[in-house]
Ligand SMILES: *Cc1c(COP(=O)(O)O)cnc(C)c1O
């Protein structure tokens, strides 16, 4: 399958999920995750109409960003080491993995304009996953008002690799509820309109539960094994 064919399929599934949930497909942003694939494949994705790309490693990000530049919006979705912040901060549009104060401090220091950040939450509680515990999210975001170059645009999570739809739904619902709590605070530095959740195997469920940004790798640019 070409990327264009995959994209068409994903867009159809988005429309279905939105129908089910009474949502507008326009409110869903597809982030093409190119971490497994070559620069050529990432270029193909852009030519097929993918407007947002995501990378989780510094090297992959830098090489693809150099080639593709501002033909795409750039999302950094992986763990970000503080000492690497300066290498990418002026090349990215969104960071999805803000999960600690030291990182916020470094981002704040290395740029002179607000950076759109998602705060990563470890909803499932798996030890292998990064992110804040749900109960720490509110106090963490409150503290971020001390860093004028951090703008909290949303929350991000990775669901566990399970088939059980109820487990997935619970994870997504918990993140949605946390987001609503933050929005209710009305904090100027944290408007928090977005939810980054849902990947190749669970994006329809994530959309039904309120996702605004879905991060799709294997189903979009391959390789994908059923
Ligand atoms: C790899 C990755 C994805 C995409 O995973 P697929 O299952 O291939 O769609 C999404 N988000 C993050 C943070 C990732 O590391």
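The values are calculated or read from the model by the stated rules, or taken from the named source; none is laboratory data. These numbers come from a predicted model, not from an experiment. Every residue, glycine among them, receives a Cβ derived from its backbone with ideal geometry; neighbour counts consider all protein chains shown.
Descriptive notes on the structure:
- The residue that is nearest to residue 94 (Cα to Cα), among those in region 20-50 that are within 15 Å of the chain's Cα centre (by Cα) and within 11 Å of the ligand (Cβ to nearest atom), is 31.
This table checks each residue for (1) touching a helix residue (DSSP H, G or I) at 6+ places or on another chain (Cβ under 9 Å); (2) more than 23 Å from residue 157 (Cβ to Cβ); (3) modelled with pLDDT under 95; (4) in a helix (DSSP H, G or I).
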residue: 9; (1), (2), (3), (4): yes, yes, no, yes
residue: 14; (1), (2), (3), (4): yes, no, no, yes
residue: 17; (1), (2), (3), (4): yes, no, no, yes
residue: 31; (1), (2), (3), (4): no, no, no, no
residue: 61; (1), (2), (3), (4): yes, no, no, yes
residue: 64; (1), (2), (3), (4): yes, yes, no, yes
residue: 69; (1), (2), (3), (4): no, yes, no, yes
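- Near pairs, Cβ below 6 angstrom, 6+ apart or cross-chain, from region 201-226 (within 12 Å of residue 37 (Cβ to Cβ) and assigned to a helix (DSSP H, G or I)) to any residue that is near the ligand (Cβ under 8 Å from one of its atoms) and modelled with pLDDT of 95 or more: 218/200
- Verdict on residue 102 being in contact with a helix residue (DSSP H, G or I) (Cβ under 7 Å, 6 or more places away or on another chain), free of Cβ contacts under 8 Å to residues at least 24 places away in the same chain and more than 20 Å from residue 215 (Cβ to Cβ): yes
- Looking only at region 142-169, and only at residues there that are more than 17 Å from the chain's Cα centre (by Cα) and surrounded by 15 or more Cβ atoms within 10 Å (Cβ to Cβ), the one that is nearest to residue 216 (Cα to Cα): 169
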